[in-house]
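These notes are about the structure you will find just below.
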Amino acid sequence: MQYTKKTLFFLTAFLMGTFLSIAMGHAAGGCTTKGCHAGISDIVPMQLEMMQLIKKNGWRHGDPDGCVVCHGGNPNTSKKKHAHKSIPKTLLRAAGPKDFYPDPGSIWIAKNTCGVCHPGFVYRAERSLMNTEAGIIQGNLHAWGIDSVENHRVPFGNYDITDTDGPVPLGATKAYAAYMADMARRYPDQYPTSLLQLPGPDIGQIEQDPRLAGFTLQRRECQRCHLGVRGSRMEGDYRGMGCSACHMPYANDGFYQGRDASIPKNRPGHIQTHQLRGNRKTGGIPVETCNACHSRGKKIGISFQGLMTAAFQTPFDEKGNPQSKLHGKNYLKLSGDLHHNTDNSRIKNPKGGLLCQDCHTSHDVHGDGNIHGTTLAQVEIECTDCHGTPEKLPWELPLGHMDEFGKDLSLYPSRGLTREKLLSARQFGFNYESQDGFLLTARGNPLGNVVKSGDGVIVHSAKGLDFKVPVLAQIAKEKKWKNPAARTAMESVSAHLKRMECYTCHAALASQSYGSFVRVDYGTGLPLEIDWVATGNSWMKNGSTSESKRGSKGILSPGKVEKEPAFLRWEDPVLGINGEGNISPLMPGSQVVYTVIGPDGNLLALNRIAGSPGSEKDSSLGKNPGTGPLRLDTAPVQPHTSQRTARSCENCHTSPKTAGLGMTCGINVPQTLYPQMDWAQITTRQGTALATVGTHWPLSRAFNREEIEGFLRIGTCMGCHNNMGSPEFWKKVSTKGRLDSAKHMELMNQLLNKTITP
């Protein structure tokens with residue numbers, strides 16, 4: 001094995017430290033002595049500089065294993081109750097733990113652990129959507145008719161929090177900083193400078209206004225996934241807190257699989273192994289880890305895996321038993337997203353495809369230190385960042401492409417490439433060679449694992465695999481379209497890519513859980529349930545909260561919550577306009593029909609839908625007393641179900657449901673047949689909005705009348721012209737002045753008259 005001078009220095013320092021530690025009377029084995037944590041693996045491989053630094057720092061505090069550097073504790077005793085207590089006196093004066101930390105990644109004490117070596121990351125994570133959940137809160141409360149979240153306002157998070165360092169993002173390029181400053185100026189409600197802790201109304205207030213039961217639902221069900229708590233303990237949901245939630249994976253069943261004899265292997269609730277995951281050096285973060293949280297709401301994590309929420313526990317497993325639940329739900333297995341598909345042996349890739357982190361950047365997940373009100377506010381990547389368009393290579397596109405939010409980018413310069421990664425990626429990431437340059441995101445940060453290589457693009461996966469990206473401009477130049485319809489859709493009909501997200505066609509499926517029938521029961525005698533916001537705000541000096549210790553229950557309060565959907569679908573989604581102003585798939589968002597029962601068993605509300613903005617009262621199921629659309633949100637989404645074969649022209653343009661007119665061609669289901677409206681209908685043929693389309697951004701909406709007519713008129717043409725996908729045919733019909741509508745109707749009448757016999 002070849003060692004660099006730096007590596008030899010650290011190894012020498014480590015050996016000298018061990019000798020000095022023994023000479024000073026410290027236990028040579030530290031925490032890994034027999035009877036304690038013997039057999040436990042190093043947190044990262046010893047050949048990495050990180051582990052060498054941990055060991056080197058550990059011996060200074062009497063622990064050659066380095067455990068106290070992250071956990072604190074007393075390394076000079078074999079008694080658990082003494083070892084898992086306090087810290088060496090030398091740590092009182094040094095950067096590091098100030099108590100024994102069971103989970104060093106806890107967001108509440110991470111500034112003394114992870115933050116010592118990774119400055120800025122804890123501040124960023126505290127203000128990220130993974131911790132505040134500001135967007136989820138805003139969208140759900142809008143469905144309950146809560147006035148304070150009207151007009152796209154984002155006032156609440158899980159904690160009282162302020163962006164104390166101002167609007168300048170951390171760890172980003174100047175181009176990104178300028179881009180985000182402009183976004184915050186244009187959309188201040190989506191980039192608040194502070195958030196208030198989500199309120200918890202008392203029973204008296206809820207009796208006066210049953211809509212306030214929405215806060216109970218939020219604090220019971222929806223807020224269990226943020227970084228400040230460990231969340232629910234069911235199969236698929238086991239995770240740590242803070243940094244550990246992502247970087248210390250748990251198995252789906254929660255059982256320990258390492259070699260530490262002191263950790264029981266027959267009780268769930270332990271990390272899978274004592275190994276940090278982060279990049280190609282330490283191993284990528286499994287998609288299953290992300291899905292401990294991203295299995296709810298828009299369900300993009302499980303969709304990425306090809307899992308469909310189902311109503312039943314079939315098909316039976318290999319032993320003939322009903323399927324066990326994952327994340328508390330039943331699933332069917334469909335085709336996963338092409339970027340991840342683990343069954344893709346057809347292209348000689350049995351190890352599977354990309355991980356979530358291979359596309360999503362550090363700023364996407366850690367945040368940038370500013371407060372973001374929605375996912376669209378924080379996520380900086382677009383499909384074209386890697387694939388480009390048929391006309392331009394990725395580096396020829398301007399910043400903001402497919403992220404326009406109504407801006408005209410025609411005069412903006414090309415974004416180019418860069419040889420430099422972000423400082424944090426250079427310090428802590430994998431050292432990928434830049435080759436011809438790193439590609440940039442739509443907002444101006446380098447993609448440190450995506451490089452231009454000759455005429456192509458290579459994505460380096462943290463899993464250890466490298467992928468060649470299909471670059472559209474290169475395909476168009478070499479005329480290597482595998483499907484003539486693809487050429488027509490992307491090259492001939494250029495308007496598609498000017499107005500549509502790539503996944504509008506390529507997302508073959510979208511999870512559609514229509515309606516959320518919610519019952520909140522405050523009846524006396526019912527068991528109390530965990531309030532995740534109160535629990536997260538109850539953190540202790542060792543980084544734990546009242547629920548994070550195994551066997552504990554957290555802070556409890558009244559209000560039993562039950563939820564059931566109206567019905568489930570997994571099929572082609574409705575289309576509409578997203579917050580960026582582009583045509584996008586839509587899926588059922590927060591579609592709340594609420595029932596509230598008071599403490600004396602009295603019915604405070606029965607099957608109500610929050611009234612439209614400006615209306616004085618809520619509606620009973622299927623009726624709308626207001627003048628505007630119902631607060632049944634159909635939200636723009638990136639479904640994460642992309643397939644190589646996109647939706648056909650006919651699949652969209654001949655479907656009233658796709659246009660937003662509902663599954664019954666725009667006519668409500670009679671209530672005598674089924675007591676509800678057509679949940680998939682969001683607009684009328686005349687363009688009158690019937691439901692909310694996105695609650696976060698002013699540009700999101702359903703198609704208007706002109707768009708609906710144009711959309712479906714193309715479908716009408718297909719009745720005769722079933723060769724719409726032919727580039728030669730499309731060139732003829734798209735040429736201006738060849739045949740106007742009146743002449744077309746005259747010609748059609750002549751043809752019909754000739755074919756009709758007396």
(request) May I ask for log10 I(q)/I(0) of segment 28-161 at q = 0.10, 0.14, 0.18, 0.19 Å⁻¹, from a Debye sum over the Cα atoms as equal point scatterers with solvent left out? (result) -0.46, -0.69, -0.94, -1.02
(request) Let me know the whole percent of all Cα-Cα pairs from the chain that are separated by more than 50 Å. (result) 19 percent
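Mind ranking 630-641, 436-447 by how tightly packed they are, going by the mean number of other C-beta atoms within 10 angstrom, highest first? Working shown, then result.
Working: 630-641: 25.4, 436-447: 23.4.
With the highest mean Cβ count within 10 Å placed first, the list reads 630-641, 436-447.
Roughly how big is the chain's charge dipole about its Cα centre, with Cβ charges of +1 (Lys, Arg) and -1 (Asp, Glu), in debye to the nearest 20? Show your work: numbers first, answer last.
Working: 85 positive and 68 negative charges, 409 e Å.
Dipole about the Cα centre, nearest 20: 1960 debye.
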(message) Give me the 1.4 Å probe accessible area per residue for segment 110-225, excluding ligands and nucleic acids, in Å².
(response) 40 Å²
(message) If packing is taken as the average count of other Cβ atoms within 10 Å, what order do 129-142, 306-319, 493-506, 380-393 fall into, highest mean first?
(response) 129-142, 380-393, 493-506, 306-319
(request) Over segment 252-302, give the accessible area per residue in Å² for a 1.4 Å probe, as an integer. (result) 46 Å²
(request) Can you tell me what the convex hull of the Cα atoms of segment 344-436 projects to on average, as an area in nm²? (result) 8.8 nm²
(request) Among the chymotrypsin sites (Phe, Trp or Tyr not before Pro) in segment 118-215, which ones are in a DSSP loop with at most 10 other Cβ atoms within 10 Å of the Cβ? Mind listing them? (result) none
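In whole percent, how big is the carbon plus sulfur part of the accessible area of segment 442-511, probe 1.4 Å, protein atoms only?
Carbon and sulfur together cover 57 percent of it.
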(message) Counting heavy atoms of the protein chains only and a 1.4 Å probe, report the per residue accessible area for segment 350-430 as a whole number of Å².
(response) 41 Å²
(request) State the percent of C-alpha pairs, over all pairs in segment 130-187, separated by a distance greater than 17 angstrom. (result) 54 percent
(request) Which order do the peptides 593-604, 323-334 take when ranked by the mean count of other beta-carbon atoms within 10 Å per residue, highest first? (result) 593-604, 323-334
(message) Using amide H atoms built in the peptide plane, which far-off residues or other-chain residues are under 5 Å from residue 569 H to H?
(response) 512, 513, 514
(message) At 1.4 Å probe size, with the rest of the protein present, what percent of the exposed accessible area of segment 115-193 is carbon and sulfur atoms?
(response) 61 percent
(request) Report the local net charge at residue 542: Lys and Arg +1, Asp and Glu -1, summed over other residues whose C-beta lies under 13 Å from its C-beta. (result) +2
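The values are calculated or read from the model by the stated rules, or taken from the named source; none is laboratory data. If you're wondering where the values come from, they're calculated on a predicted model, not measured in any experiment. FYI the Cβ positions are ideal-geometry reconstructions off the backbone, even for glycines, and counts take in every protein chain you see. Keep in mind that these areas ignore ligands, DNA and RNA; they rest on the heavy atoms of the full protein, side chains included. Shrake-Rupley method; radii C 1.70, N 1.55, O 1.52, S 1.80 Å.
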